[in-house]
Amino acid sequence: MLKLNTMEEKLNKIKTDYFLNINQAKTLKELDELFLALFGKNGVITLLPKEFGKLPMEELQKIGPLFNQTKHELDNAIENRRQAVREESYAKLTTEKYDLGTAEIKPRHGHLHPTTQFIQETVDLFEKLGFQQFDAPQIDTDEYNFGLLNIPEGHPARDLWDTLYIDPQKTGYSPGELLLRTHTSNAQVRIMRDFTPPIRMMSIGRCYRYENLDARHEHTFEQFELVYIDKGVSMTNLQYLSEYFLQNTVGKDIKVRLRPKYYPFVEPGVGIDGLCIFCHGQGCKVCGGTGWLEVAGAGMIHPTVLKNGGINPEIYSGIAWGPGVGRIMMLKYGFDDIRELLKGDLKFLEKF
Ligand code: PHE
């Protein structure tokens with residue numbers, strides 16, 4: 001049979017040991033640890049009552065209050081010490097003088113994502129020519145993404161864009177009405193409606209397509225749209241802007257070609273290609289065997305689209321120009337898979 005004085009001794013030992021530790025604790029963390037050692041799931045105070053069952057009834061009646069009192073005292077001691085530690089550190093903070101002059105400044109690691117850097121460079125380039133930034137929504141209606149751009153519902157040109165539509169049940173919109181924009185051209189009519197010519201605007205941002213992914217195609221990508229409307233704007237301006245852009249980003253010796261291409265919202269429309277730097281025109285996996293990498297779609301804004309934007313096509317003409325940021329970065333930096341840009345692979349990113 002366990003003796004009362006043995007239990008009493010045990011309790012006193014816990015008390016003296018822990019009081020000492022509590023009063024010597026210098027940080028709140030140490031006090032938290034002591035609290036857990038006493039009152040946590042396997043704390044000494046938590047487990048002690050398990051042994052009480054071995055005591056005879058009358059002794060149990062004596063040890064009970066003693067136990068409770070000790071528990072209370074330890075708990076109080078921790079709380080009082082916590083308060084003291086807080087006060088000490090506050091006093092230290094207000095009296096101690098810091099010499100900020102000698103603080104070590106650690107070297108910074110990392111940098112902005114290459115796409116962000118490239119976008120900033122591009123914006124700077126076109127600001128120099130008087131273009132201003134314009135923001136259009138990434139979740140948009142099919143009206144701005146297609147309808148107002150001369151691509152009515154059922155028009156076969158809609159098949160050019162593999163569109164991600166937003167579930168109508170979740171939005172209250174009708175089926176096919178709300179989508180993730182497939183191109184930054186959704187900014188075109190908004191720009192025309194918000195400003196009067198002469199207009200020099202650029203809109204840059206994320207676009208989304210339900211794509212078959214490969215080295216040149218990504219489902220989420222950045223596009224850059226230029227809208228330039230004034231009296232007498234012509235294809236010559238478009239040629240100039242394409243060369244200005246590619247020579248200043250990719251390099252002076254980049255070879256550029258313009259080839260006829262159909263987009264319903266421009267007439268005439270062109271595809272702008274850069275000579276594939278991986279095969280130098282021979283044809284390879286990256287350029288799909290053509291020797292050229294398409295970097296932009298562009299053209300003279302269709303009169304119907306100008307009208308939709310409230311601009312008189314008898315007086316004004318305009319160009320719209322939409323390069324894919326990732327494609328141009330591939331040419332500039334010489335990487336052969338556009339999917340690298342979203343992977344977040346540090347080995348790839350540290351090269352920039
Ligand atoms: N928006 C077109 C695309 O995503 C590119 C384009 C922009 C074409 C402007 C013509 C004019 O493919």
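Here are some notes:
- Computed from Cα atoms alone, the Kirkwood hydrodynamic radius reported for segment 150-250 is 16.1 Å.
- Ordering 144-150, 192-198 by mean Cβ neighbour count within 10 Å, with the highest value first, yields 144-150, 192-198.
- For segment 133-268, with +1 on Lys and Arg beta carbons and -1 on Asp and Glu, the positive-most of Tyr262, Tyr244, Leu179 along the dipole: Tyr244
- Using bins of 5 Å that start at zero, the share of Cα-Cα pairs per bin across segment 20-146 amounts to 2, 7, 9, 9, 8, 7, 6, 5, 5, 5, 7, 7, 7, 5, 4, 3, 2, 1, 0, 0, in whole %.
- Trypsin sites (Lys or Arg not before Pro) lying in DSSP loop within segment 288-352, provided at most 11 other Cβ fall within 10 Å: Lys351
- 10 °C / 1.306 mPa s Stokes-Einstein diffusion coefficient of the chain, Kirkwood radius on C-alpha pairs, µm²/s: 60
- Rough spin-label spacing in nm, given labels placed 7 Å along Cα→Cβ, for Lys13 and Arg193: 8.4
- Nearest-ten-degree value, helix 57-95 long axis tilted from longest Cα axis of the chain: 50
- Under the convention that each Lys and Arg Cβ holds +1 and each Asp and Glu Cβ holds -1, the size of the dipole of the chain around its Cα centre is about 580 debye.
- Placing unit charges on each Cβ (+1 for Lys and Arg, -1 for Asp and Glu) gives the chain a dipole about its Cα centre, and among Phe52, Leu93, Leu349 the Cα reaching farthest toward its positive end belongs to Phe52.
- Axis of helix 235-249 versus longest Cα principal axis of the chain: the two differ by about 40°, to the nearest ten degrees.
- In terms of overall dimensions, the C-alpha atoms belonging to segment 4-95 reach 57, 21, 15 Å along their principal axes, ordered largest to smallest.
- Filtered chymotrypsin sites (Phe, Trp or Tyr not before Pro), segment 29-113: DSSP coil and at most 12 other beta carbons within 10 Å: Tyr98
No lab work stands behind these numbers, since they all come straight from the coordinates. Worth saying up front: this structure is predicted, and the values here are computed from it rather than measured. Note that we place each Cβ from the backbone using ideal geometry, even for glycine, and neighbour counts take in every protein chain shown.
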